[in-house]
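Engineer: One structure is given below, represented as C-alpha cells, and several questions about it will come after.
The values are calculated or read from the model by the stated rules, or taken from the named source; none is laboratory data. Since the structure is predicted, the reported quantities are computational estimates derived from the model, not experimental observations. Virtual Cβ from ideal backbone geometry, glycine too; neighbours counted across all protein chains shown.
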Amino acid sequence: MGRSQTAPCLQCRCRKVRCDRQQGTCGNCERLEFSCSYRRSVSCKENKKHKNESAPPERQRASRACIECRRQKARCSGDLPSCETCRQRQRACSYTDSDSPVESCQVLKSATALFPIRRQELLSAIDQFFRHLYPIPSFAFLHEPSVRQHCLNGSLDQSLALSLAAVTNAYLSMDQRLLQESASWMLRVEAENVLHLHEPSIRRVQTLLFTVHYYIRTGEFARAYMLVGLAARAATALRLNYERPELTFIAQETRRRVIWALTSIDGYFSVGLPEHETISYAIIYQRWPCHEEEFSEGKPQRATGSVQNLTEANSAKTPNLLSACHQISKIQRDVMRLTRQLAISEDPLAGLPGLVQEIQNDLWRLHDDVEVVSEFSISSMTQQLEMKHFRWFARYLLAVLSWHQVHCDLYRIFLPGYPEAVPAGIMNATDVNFREHAVQTCYIHVMQITEILAGVLALSDTPILPPYVAVCAYQAARLILFLPSLHSVRLEITTESAIRSANLALSVLHMYFSTTPFAERIIADLERLVQVSVMSPATARQLGYLSNDQSDSGRQRHSQLAVHSLVRQAKFEDDDYES
C-alpha cells in the first residue's frame, strides 16, 4: 500500500511525532485536545481563524533530568531533592534553574513567572509540613484536607503555597538550591502581602504567620517582629478573636486556630512585657482549639467508650494536647507578667501566696481535665517518650515540658539570690515555710524536666522539636545550677550533679538546635554558666550570674529581656536622638 500523500498536521510536525493523518482532527491532537490544523472550514470566517488554529501547540512535557544524569546520559527519575539514580550511586544531585516538572503545576500555572515552584516540590513540601511541622502548636492553623483538595483542583492560594514550601524547606531541607529559591519566594510573598496590606483575609494572615516563622528560623528576627504585628492587626481587623456561630464548623475552627497560633508566637518576643505582646489574651473571645480528629473530619464528635492504648490513634481518642499547650502558654504568660510586676513593687504583698496558689490550682485543673478525658497524665515523665513514633509526639513533649516549666517559673521568684527573685522587701515578708516549699517545688519539677530531656537525648529518630523545648532546657539548666547555692537541707543535689544535669541540657541543645539562629545565644550563655558554676560565689557574682543582693534596679529588671527573647536578639536601636 502506498504511503498517503497527505502531509502531517502542523501540530504533529512541530512536535516531531508520527501523525495518523486522520481527516477532521488527527488522533494525537484529539487525544491531547489540541486544535488540529486539519480542522478547517471552507467558509471565509473560518479561514480567518486558521492562523490561530495552526499555531504550535503548548509544550506538555519537558526535560526533567538532573545535571549529573544528563552528563552520564542516564535515565533520571526527576525526583526531588535528589533523583533515584543519584541516590543509588551516592552522588550529589542538582537541577538547573530552567528545569521544568513532568507536568505543569496547576496550582501556580497562572503565575509561574512570579511564583516559580515545581509541582513535585510543592507536593513534597505539603506532605512534609503536615508530617513534621503541623504537630507544633504554632503551625497548627491549616485544615489539611482543604489544603490538599485546593492543591489538586488548582485553587490553592499562590502566596500561601510558596510560604508553606519555603518554611518547610527552611526546617527540613539541606539542599542549598532549594534554600536559595525559598529565600526568593519569601521576598516575593512578603511584597505581595505588603501590596495588599489594606485587604486582609484569612489566607493572608496564614501566609504572614508562615513568613514570620520563616524569618525566625533563618535568623531575621527584626523582620519577623515587624511582620507579626501586621498579622495581629489583620487578625483583629477580620475579628478572628470573636466566635462566628453562623459559619461552618471548619471555618470557625480555622479562625480559632489562626488566633491561637498568633498567641503561641508571642512567647518568642514579649516574654511577659505587654508592649511586645503580639495579641492580648484579654481581647480573645474564642474557644480553645478542638480535637484534631474533629477538625480533620469537619464535624464535632463525642468521645464514647473507654480510652485504649494512646499509640493506637485509629481506635482511641487521643488527648486534645493542642488545646492543652495553648492553655499552658496562657498560664505561663500570666506568670511572667506577675514576675515583672513584682520586680517594681516596693511594698510587701500579703496576698501573694494566695495568688500563687490560684495559678497552681489552674495548673492542676488543666492536669486533671486532660487525665480524665484521655487517661494521659500531663505530669508523666516517661509516657510521652513512649510515643516517639506517634504523629503528635511534639505536642505530647511540649505539653509535659511546659507544665513543669511553668511550675519552675512560678516558684523560682521565691529563691533568694536568683536573678528573677522578688525584691528583698517582698522576700523578707514571705513566710519561711512557703519559701522552703518553693525551693522544694522548683527542685522536683526541674529534675523531672532533666529526666525528660535525658529521654529525648536517647531517642535516635526524634522529629522536629518545638523551639520552646530549647527554652525549657536552658531555663532548667540555669535553675539546677543555682540550687546547690541555697544549701537547703531538703535538697539532695550537689554542684557536681547539677553540672551533669546542665551538660545534659546542653547536649540536647547542641543535638537539636545547634544550627538554629534562635538558640545561638541560649547555647552560648548556658556554656558560660556551666563554666561559672565551678567558680566561687564571689567570682560568679562578679561575672554577672548571681545578683548582688538584688542591687539591680527593679525597673531595670522589669524591662529586661531574656536571652531567648527575639526582640533582644533583633538589636533594635534608637538612633534618632540627634534629630
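Engineer: Gln120 - would you say it is in contact with a Pro (Cβ under 8 Å, 6 or more places away or on another chain) and over 23 Å from Ile279 (Cα atoms)?
Structural biologist: yes
Engineer: May I ask you to list the residues in region 272-284 that are in contact (Cβ under 8 Å) with a residue 40 or more places away in the chain and either in contact with a Phe, Trp or Tyr (Cβ under 6 Å, 6 or more places away or on another chain) or closer than 16 Å to Ser138 by Cα (or both)? Give the steps one after another, and end with the answer.
Structural biologist: Let us first name the residues in region 272-284 that are in contact (Cβ under 8 Å) with a residue 40 or more places away in the chain, namely 272-274, 276, 278-279, 281, 283-284.
Of everything in region 272-284, those that are in contact (Cβ under 8 Å) with a residue 40 or more places away in the chain and either in contact with a Phe, Trp or Tyr (Cβ under 6 Å, 6 or more places away or on another chain) or closer than 16 Å to Ser138 by Cα (or both) turn out to be His276, Thr278, Ile279, Tyr281.
Engineer: Within region 387-415, work out how many residues are farther than 21 Å from Gly351 by Cβ and out of contact with any His (no Cβ under 6 Å at 6 or more places or on another chain).
Structural biologist: Adding up the residues that qualify gives 18.
Engineer: Here's another thing I want to ask about it. Can you confirm whether Glu253 is charged (D, E, K, R), surrounded by 14 or more Cβ atoms within 10 Å (Cβ to Cβ) and modelled with pLDDT under 90?
Structural biologist: no
Engineer: Just for region 421-444: of the residues that are in a helix (DSSP H, G or I) and charged (D, E, K, R), which one is farthest from Leu342 (Cα to Cα)?
Structural biologist: Glu436
Engineer: State yes or no: is Tyr512 among the aromatic types (Phe, Trp, Tyr) and in contact with a Gly (Cβ under 7 Å, 6 or more places away or on another chain)?
Structural biologist: no
Engineer: Inside region 235-270, can you point out the residues that are of a type in the set (Gly, Ala, Ser) and more than 24 Å from Thr168 (Cα to Cα)?
Structural biologist: The first filter runs over region 235-270 and keeps only residues of a type in the set (Gly, Ala, Ser), leaving 235, 237, 251, 261, 264, 267, 270.
Ala237, Ala251, Ser270, listed by residue number.
Residue-by-condition table, conditions (1) closer than 25 Å to Arg223 by Cβ; (2) hydrophobic (A, V, I, L, M, F, W, C); (3) in contact with a helix residue (DSSP H, G or I) (Cβ under 7 Å, 6 or more places away or on another chain); (4) assigned by TED's automatic domain parsing to the domain that holds Arg91:
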site: Ala140; (1), (2), (3), (4): yes, yes, yes, no
site: Val147; (1), (2), (3), (4): no, yes, yes, no
site: Leu152; (1), (2), (3), (4): no, yes, no, no
site: Ser155; (1), (2), (3), (4): no, no, no, no
site: Ser159; (1), (2), (3), (4): yes, no, yes, no
site: Thr168; (1), (2), (3), (4): yes, no, yes, no
site: Leu172; (1), (2), (3), (4): yes, yes, yes, no
site: Asp175; (1), (2), (3), (4): yes, no, no, no
site: Ala183; (1), (2), (3), (4): yes, yes, no, no
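Engineer: Moving on. Collect the residues in region 214-243 that are surrounded by fewer than 20 Cβ atoms within 10 Å (Cβ to Cβ), aliphatic (A, V, I, L, M) and within 15 Å of Asp266 (Cα to Cα), keeping them in residue-number order.
Structural biologist: Within region 214-243, Ala222, Met226, Leu230 qualify.
Engineer: In region 176-187, what residues are more than 18 Å from Leu208 (Cα to Cα) and surrounded by fewer than 18 Cβ atoms within 10 Å (Cβ to Cβ)?
Structural biologist: Gln176, Arg177, Leu179, Gln180 - these are the residues of region 176-187 that are more than 18 Å from Leu208 (Cα to Cα) and surrounded by fewer than 18 Cβ atoms within 10 Å (Cβ to Cβ).
Engineer: Here is a further query. Could you list, in sequence order, the residues of region 229-284 that are over 19 Å from Glu199 (Cβ atoms) and in contact with a Pro (Cβ under 8 Å, 6 or more places away or on another chain)?
Structural biologist: Listed by number, the residues that qualify are Phe249, Gln252, Glu253, Arg256, Arg257, Trp260, Ala261, Ser264, Tyr268, Ser280.
Engineer: Only one of Phe210, Phe141 is hydrophobic (A, V, I, L, M, F, W, C), outside any helix (DSSP H, G or I) and buried (at least 22 other Cβ atoms within 10 Å of the Cβ). Can you tell me which?
Structural biologist: Being hydrophobic (A, V, I, L, M, F, W, C), outside any helix (DSSP H, G or I) and buried (at least 22 other Cβ atoms within 10 Å of the Cβ) holds for just one of Phe210, Phe141, which is Phe141.
Engineer: Related question: Being among the polar types (S, T, N, Q) and under 27 Å from Leu401 (Cα atoms) is the filter; apply it to region 124-149 and report the residue that is nearest to the chain's Cα centre (by Cα).
Structural biologist: Ser138
Engineer: Right, here's the next one. On the basis of being assigned by TED's automatic domain parsing to the domain that holds Gln531, not aromatic (Phe, Trp, Tyr) and not in a loop (DSSP other than H, G, I, E, B), does Val469 make the cut? I'd like the intermediate steps shown before the answer.
Structural biologist: Working: assigned by TED's automatic domain parsing to the domain that holds Gln531: yes; not aromatic (Phe, Trp, Tyr): yes; not in a loop (DSSP other than H, G, I, E, B): yes.
So Val469 passes the test.
Engineer: Being closer than 25 Å to Glu292 by Cβ, modelled with pLDDT of 90 or more and crowded, with 16+ Cβ neighbours inside 10 Å is true for just one of Ser374, Ser402. Which residue is that? Outline the logic, then answer.
Structural biologist: Details: Ser374 fails: modelled with pLDDT of 90 or more.
Residue meeting the stated conditions: Ser402.
Engineer: Sticking with this structure for a sec: Restricting to helices (runs of 4 or more DSSP H) lying wholly in region 481-559: which have 2 or more residues that are at pLDDT 90 or above and under 29 Å from Val432 (Cβ atoms)? Give the steps one after another, and end with the answer.
Structural biologist: Numbers: elements: 495-513, 520-532, 537-542, 554-559.
By residue number, 495-513.
Engineer: Determine which member of the set Glu294, Glu312, Glu275 is assigned to a helix (DSSP H, G or I), among the charged types (D, E, K, R), at pLDDT below 90 and out of contact with any Asp or Glu (no Cβ under 7 Å at 6 or more places or on another chain). Steps first, please.
Structural biologist: Numbers: Glu294 fails: at pLDDT below 90; Glu312 fails: assigned to a helix (DSSP H, G or I).
Of Glu294, Glu312, Glu275, the one residue that is assigned to a helix (DSSP H, G or I), among the charged types (D, E, K, R), at pLDDT below 90 and out of contact with any Asp or Glu (no Cβ under 7 Å at 6 or more places or on another chain) is Glu275.
Engineer: Taking into account only those residues within region 468-493 that are more than 19 Å from the chain's Cα centre (by Cα) and closer than 21 Å to Asp266 by Cβ, which is surrounded by the fewest Cβ atoms within 10 Å (Cβ to Cβ)? Even if it seems obvious, please write down each step before you answer.
Structural biologist: Step one: filter region 468-493 for residues more than 19 Å from the chain's Cα centre (by Cα), giving 474-493.
If we keep only those that are closer than 21 Å to Asp266 by Cβ too, we end up with 474-475.
Values: Tyr474: 26, Gln475: 23.
Ranking the qualifying residues of region 468-493, first place goes to Gln475.
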